[in-house]
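The values are calculated or read from the model by the stated rules, or taken from the named source; none is laboratory data. Please read all numbers here as calculations on a predicted model, not as lab measurements. As a convention, Cβ positions derive from the backbone with ideal geometry for all residues, glycine included, and neighbour counts pool all protein chains shown.
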Amino acid sequence: MNTIEVEGRRVAPSKVVCVGRNYVEHIEELGNELPESMVVFLKPNSAITDRLMSGPFERHYEAEICFVVGHGEFCGVGFGLDLTKRALQSQLKSKGLPWERSKAFDGAAVLGRFVSLASPEETLSLELEIDGERRQFGTTHEMIYPPALILKEIGSFMTLEEGDVVMTGTPKGVGLVSSGAAFVGRIRSEGKLLTEESWRAV
């Protein structure tokens, strides 16, 4: 089983639960429709990695605020990249088929370290820089479904096990992962830096 780091401990999530279309401007940049209800899809444990791969096929990055589950609550927060085979996803969506081939492949959930979270109600923000240029920025206030509502909605139909990860959606600015590009992701609470991660795409 693949693992993540939570306050210095190694934890093996049973799954990664992802929320799609949670920022209005990202929905608009991809030409999608506003969802009538929360969009949820899964990535298996085999998708979890701490390496950022650019190939052998095209991969698009989506920076996300991620939570780890403990005792039925969001107990920690970290920065993650939801990787997508965008062209394949578009083909599958046009045919009304599931997204797994474009979203749940090995290495599709690039996760950094998780740090303790005082309360999921605190205002969190994410920032992604690529080669020193800011590409994505978003806050929990901009989410259509904020963290507390995400937890409640997922729990209404699915059991979240200890150590499971929830990815909460991405703001505008997604793009292609290029070999050699330097990625730096940050999560802040009320402006205070909580965690910072860096990867170089290979």
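Return the residues of region 1-16 that are out of contact with any Phe, Trp or Tyr (no Cβ under 8 Å at 6 or more places or on another chain) and under 24 Å from Val177 (Cβ atoms); say none if nothing qualifies. Correct list: Asn2, Thr3, Pro13, Lys15, Val16.
Within region 60-76, can one find any residue that is at pLDDT 95 or above and hydroxyl-bearing (Ser, Thr, Tyr)? So far as region 60-76 goes, yes, one or more of its residues are at pLDDT 95 or above and hydroxyl-bearing (Ser, Thr, Tyr). Residues in region 123-137 that are in contact with a helix residue (DSSP H, G or I) (Cβ under 8 Å, 6 or more places away or on another chain) and either within 21 Å of Val202 (Cα to Cα) or not hydroxyl-bearing (Ser, Thr, Tyr) (or both): Leu124 only. In region 94-123, what residues are more than 14 Å from the chain's Cα centre (by Cα) and among the aliphatic types (A, V, I, L, M)? Once the filter is applied, which keeps residues that are more than 14 Å from the chain's Cα centre (by Cα) and among the aliphatic types (A, V, I, L, M), region 94-123 yields Leu97, Val115, Leu117, Ala118.
Across region 165-198, the qualifying residues are those that are over 28 Å from Val39 (Cα atoms) and not in a loop (DSSP other than H, G, I, E, B), and the one among them that is farthest from the chain's Cα centre (by Cα) is Lys192.
Note on region 122-149: residues that are closer than 16 Å to Gly80 by Cβ and in contact with a Gly (Cβ under 9 Å, 6 or more places away or on another chain) total 11. If you check Glu100, Glu129, Glu142, Glu122 for being of a type in the set (Asp, Glu), surrounded by 14 or more Cβ atoms within 10 Å (Cβ to Cβ) and closer than 20 Å to Glu36 by Cα, only one passes: Glu142.
Candidates are the residues of region 13-25 that are in contact with a strand residue (DSSP E or B) (Cβ under 8 Å, 6 or more places away or on another chain) and of a type outside the set (Lys, Arg); the one that is surrounded by the most Cβ atoms within 10 Å (Cβ to Cβ) is Cys18. Of all residues in region 46-103, those satisfying the criterion of being polar (S, T, N, Q), touching a strand residue (DSSP E or B) at 6+ places or on another chain (Cβ under 7 Å) and either under 22 Å from Val6 (Cβ atoms) or assigned to a helix (DSSP H, G or I) (or both) are Thr49, Ser102. Pairs meeting the criteria (first residue in region 17-32 and over 23 Å from Asn45 (Cβ atoms), second residue in a helix (DSSP H, G or I) and at pLDDT below 80, beta carbons under 6 Å, at least 6 apart or on different chains) are Arg21/Ile27.
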